[in-house]
Amino acid sequence: MNAARLVEARDLKRVFDVSQPWLSRVIDREPRRFLKAVDGVDFAVDRGETLGIVGESGSGKSTLARMVVGLLRPSAGQVLIDGVDLFAAGDPSTRRDVRRRMQMIFQDPYASLNPRWRVGAIVDEPIFAFGLMEGGSGAGARASNPHGITERTGELLRLVGLDPADARKYPHEFSGGQRQRIAIARALASNPDFIVCDEPTSALDVSIQAQILNLLRDLQEELGLSYVLITHNLAVVRFMATRVGVMYLGRFVEIARTDDLFARPRHPYTRVLLDAVPDLTMSGRARTPVGGEPPNPIDPPPGCPFNPRCAFAIERCRNEVPPFHDNVACHLAHDDPDWLARA
């Protein structure tokens, strides 16, 4: 076990049964249909680093995020936190500690907070759920140590740039950016080591996005946090991520350090994503537009999933699924690592 490695996913898969009801299938003589949302994903996150995950809508990013934090059970595979399997830990105390160490920040700050709870109750709920203060878990902890709980809630609100007095307010009294700060404070309440950020700024005004991203970076440096950052915004990835994983149709097609990925993409799909970013430097580099739509994940194409949209596809790409080798899933890259730079 690598001592620096905090989170590891091994051959993660998630399959959804999207079949019609049994009687409809019998009448229409249709077979059962399955959607492979995540199809054999491997990755690791070291302590203190940020792994960015990018890809088009429907690529499986959010499904992967929910499996990593235990909100969705995988159909196969493992999620290890410091070597402990998140879904197979038998001892209740071990399971509880593993789940305490990971949290999630959701995309929509308007939907992720209970509108009927005051902010103080929202932020300190993980403290009770995991029994982190005197009095154990549950409502009894709040009654037995009200001063300590209030003080801890105020510390968390200050940490994310809010006032402790805000604990008495309701979510509807705050702006979107302030609500996301409340969601971050709630995530920090359990003293986590690892946080999954699922599009944490996409629902916010552009003027607020930088503030939230800077806050996340400051908290990472101060508390030693590790992040998985799910986003469509490559500018956010470049600012936040240590490494980047590119997903397409439920699989990683490339993982690389951020600077290397932006300078020398190795998979055609990665270059397509980068070509979609406006060229403010006016470099004049030829760009490769992508045509068509992502294929149906219920009935994916044979061979490489990207081959129907790839301008460089060869016959092998149409018949043989490329393995994920040397951090890339592309036959051409396996044969010549620098091929795309010359294409």
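Among the β-branched types (Val, Ile, Thr) and within 18 Å of the chain's Cα centre (by Cα): does that describe Ile122? Before the answer, list the steps.
Details: among the β-branched types (Val, Ile, Thr): yes; within 18 Å of the chain's Cα centre (by Cα): no.
Taking the combined requirement at face value, the residue does not satisfy it.
Considered as a group, the residues in segment 7-55 that are outside any strand (DSSP E or B) and in contact with a helix residue (DSSP H, G or I) (Cβ under 8 Å, 6 or more places away or on another chain) include one that is farthest from Arg100 (Cα to Cα), and that residue is Glu30. Apart from one condition, Ser59 fits all of (1) under 13 Å from Met247 (Cβ atoms); (2) part of a strand (DSSP E or B); the exception is (2).
Being within 23 Å of Ser75 (Cα to Cα) and surrounded by 18 or more Cβ atoms within 10 Å (Cβ to Cβ) is the filter here, so list the residues in segment 36-50 that pass it. Answer for segment 36-50, where residues must be within 23 Å of Ser75 (Cα to Cα) and surrounded by 18 or more Cβ atoms within 10 Å (Cβ to Cβ): Lys36, Ala37, Val38, Asp39, Val41, Phe43, Val45. Ser190 meets the conditions (1) at pLDDT below 95; (2) out of contact with any Lys or Arg (no Cβ under 7 Å at 6 or more places or on another chain) in every case but one. The failed one is (2). Do we find that Gln220 is of a type in the set (S, T, N, Q) and either part of a strand (DSSP E or B) or touching a strand residue (DSSP E or B) at 6+ places or on another chain (Cβ under 7 Å) (or both) in this structure? So Gln220 passes the test. Restricting attention to segment 71-110, the residues being in a loop (DSSP other than H, G, I, E, B) and modelled with pLDDT of 90 or more number 7. Taking the conditions exactly as written (free of Cβ contacts under 8 Å to residues at least 24 places away in the same chain, crowded, with 16+ Cβ neighbours inside 10 Å and either within 25 Å of Glu125 (Cα to Cα) or of a type in the set (Asp, Glu) (or both)), does Ala89 satisfy them or not? Yes; evaluated as a whole, the condition is true for this residue. For segment 277-307, the set of residues classified as surrounded by 11 or more Cβ atoms within 10 Å (Cβ to Cβ), farther than 20 Å from Arg33 by Cβ and either at pLDDT 90 or above or among the hydrophobic types (A, V, I, L, M, F, W, C) (or both) consists of Val277, Val290, Gly303, Cys304, Phe306, Asn307, listed by residue number. Here Thr94 passes the criteria (1) within 21 Å of the chain's Cα centre (by Cα); (2) surrounded by fewer than 19 Cβ atoms within 10 Å (Cβ to Cβ); (3) of a type in the set (Val, Ile, Thr) except the one numbered (1).
Taking segment 223-255 as the range and being in a loop (DSSP other than H, G, I, E, B) and more than 23 Å from Arg47 (Cβ to Cβ) as the test, the residues that pass are His232, Asn233, Leu249, Gly250.
When segment 183-202 is filtered for residues that are part of a loop (DSSP other than H, G, I, E, B) and more than 22 Å from Trp117 (Cα to Cα), the ones remaining, listed by number, are Pro192, Asp193, Glu199, Thr201, Ser202.
The values are calculated or read from the model by the stated rules, or taken from the named source; none is laboratory data. These figures come from a predicted structure and were not determined experimentally. Backbone-built Cβ (ideal geometry, glycine too); neighbour counts: all protein chains shown.
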